[in-house]
Amino acid sequence: MRAWLWLSALVIVLDQASKYWILQNFALHEGMAVWPHFNLIYVRNTGAAFSFLADAGGWQRWFFLVLSVVVSLVLIRWIWTLPPKQKLLAFALAMILGGALGNAWDRLAYGYVIDFLDVYYNDAHWPAFNVADSAITIGAFCLIWDALFYQDNARR
């Protein structure tokens, strides 16, 4: 199951490359319309999902960084021990791992996470997110799907 770690590495590379592109082409809070209901906008998130704890005073940077590393180590161990037939579970864990490490890199390098994908309808904007967040969301969905719908779950 080590091959799934390559998917995590791909997520990290895509995440960091997209963030690098944003940093090179946008000033903070600068945006650009791409399609109806979708913009690119450079924002910084010092918190977690939906800016949770963003105004906590700075300690959250290290808390979320340590949490990401611990969760990543658990995910690596879990992926490493999966039987080959559990492909959906391995995919889900690899996506979550790549996303967690992509955002952890930002916290370590900058002290915040770079977000830039802005989805909206009329004046209602979803909180900005990034490739790592997208990978975590896809992985979480697949993890739930695997837990709910795969028959051999009881034997795991």
For segment 127-145, check the following and say yes or no: at least one residue is surrounded by 20 or more Cβ atoms within 10 Å (Cβ to Cβ), aromatic (Phe, Trp, Tyr) and more than 17 Å from Leu7 (Cα to Cα). yes
For Ile114, all conditions in the list (1) crowded, with 21+ Cβ neighbours inside 10 Å; (2) without any contact (Cβ under 8 Å) to a residue 60 or more places away in the chain; (3) closer than 30 Å to His29 by Cα hold save one; what is the number of the exception? (2)
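Computed from the coordinates by the stated procedures, all read-outs in this text should not be read as laboratory data. This one's a predicted model, so the numbers in the text were calculated from it and none came from an experiment. Every residue, glycine among them, receives a Cβ derived from its backbone with ideal geometry; neighbour counts consider all protein chains shown.
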